[in-house]
Amino acid sequence: MSRKTARLTVDHLAELADPVRACLFWELTPVDRSRLDQNERIAEKESWVSAVLRDWGSCGRVVRVDGRTVGLIVYAPAPRFPGAASLPTAPSSPDAVVAATAWIEPELRGGGLGRLLVQAMAADLVERGHTAVEAYGDTRGRPDGCVLPAEFLGSVGFKTQRAHPTTPRMRMELRTALSWKDEVELALERVWGVVRPTQKAARPIGSVRTASGD
């Protein structure tokens, strides 16, 4: 089975199932979301991705299995996610990029694809000079998939930054321990198959544990 990641584009959204392609939990305030029907939500999501790609750069990764897009992770600076203001643990830390939505097709969960997306995100952000990423976890099992399970975030290296019984804010430091340069190069090799003529002995990624599951 071929597993690859790629930069998120508007075209990828069309390949994903609902409710992911129409999720505007983060991108709009509750009042603005309530004014849109399903088709308008999809169009607004595409417009948001286009605008962030133009103004800030890459704002997500998709994972493709055998040439088919089966999951994504979306991240951007906090001001790009006004919907987060309604959460009890907002706002995020000033130095952190926010990881909002991540989703994997249900039948492919549990195989490490979620971790692969987090590694790709971390590699991208470190290369661009960012030092931390935060996410708002969910402990109640929201059915729409717009808010990430806190259990998942903990399993891929996030730690609680601000505790809350239902919506903890969690954080991953992107520059930790020994040499992040080597760790990011290792992540890039794992995700994109980058080959360098010489390299140091591989060390596990400090902020992404290697336990099984997503």
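The values are calculated or read from the model by the stated rules, or taken from the named source; none is laboratory data. It should be emphasised that the depicted structure is a prediction, and the values quoted were computed from it without experimental measurement. Here the Cβ positions follow ideal geometry from the backbone for every residue, glycine too, while neighbour counts run over all protein chains shown. Just the protein is used for accessible areas: all its heavy atoms, side chains included, with ligands, DNA and RNA removed. Shrake-Rupley method; radii C 1.70, N 1.55, O 1.52, S 1.80 Å.
Which residues, counting only those in region 12-64, are of a type in the set (Ser, Thr, Tyr) and touching a residue at least 12 places away in the same chain (Cβ under 8 Å)?
Thr29, Ser50, Ser58, listed by residue number.
Filter region 86-127 down to the residues that are under 23 Å from Arg175 (Cα atoms) and of a type in the set (Ser, Thr, Tyr), then identify the one that is nearest to the chain's Cα centre (by Cα).
Restricting to residues being under 23 Å from Arg175 (Cα atoms) and of a type in the set (Ser, Thr, Tyr), the top hit is Thr101.
For region 11-58, which positions are open to solvent by less than 40 Å² (accessible area, probe 1.4 Å) and under 24 Å from Ala123 (Cα atoms)?
Listed by number, the residues that qualify are His12, Leu13, Leu16, Val20, Trp26, Glu27, Trp48, Val49, Ala51, Val52, Gly57, Ser58.
Being of a type in the set (A, V, I, L, M) and farther than 22 Å from His12 by Cα is the filter here, so list the residues in region 59-96 that pass it.
Of everything in region 59-96, those that are of a type in the set (A, V, I, L, M) and farther than 22 Å from His12 by Cα turn out to be Ala78, Ala84, Ala85, Leu87, Ala90, Ala96.
Can you run down the residue pairs with Cβ atoms below 8 Å, 6 or more apart or on separate chains, where the first is in region 152-177 and under 15 Å from Val126 (Cα atoms) and at pLDDT 95 or above and the partner is among the aromatic types (Phe, Trp, Tyr) and part of a strand (DSSP E or B)?
none
I want to confirm something. Restricting to region 65-83 and keeping residues that are modelled with pLDDT of 95 or more and open to solvent by 10 Å² or more (accessible area, probe 1.4 Å), which single residue is nearest to Thr131 (Cα to Cα)?
The residue in question is Pro77.
Can you find a residue that is open to solvent by 30 Å² or more (accessible area, probe 1.4 Å), under 16 Å from Cys23 (Cβ atoms) and touching a residue at least 12 places away in the same chain (Cβ under 8 Å) anywhere in region 108-122?
no
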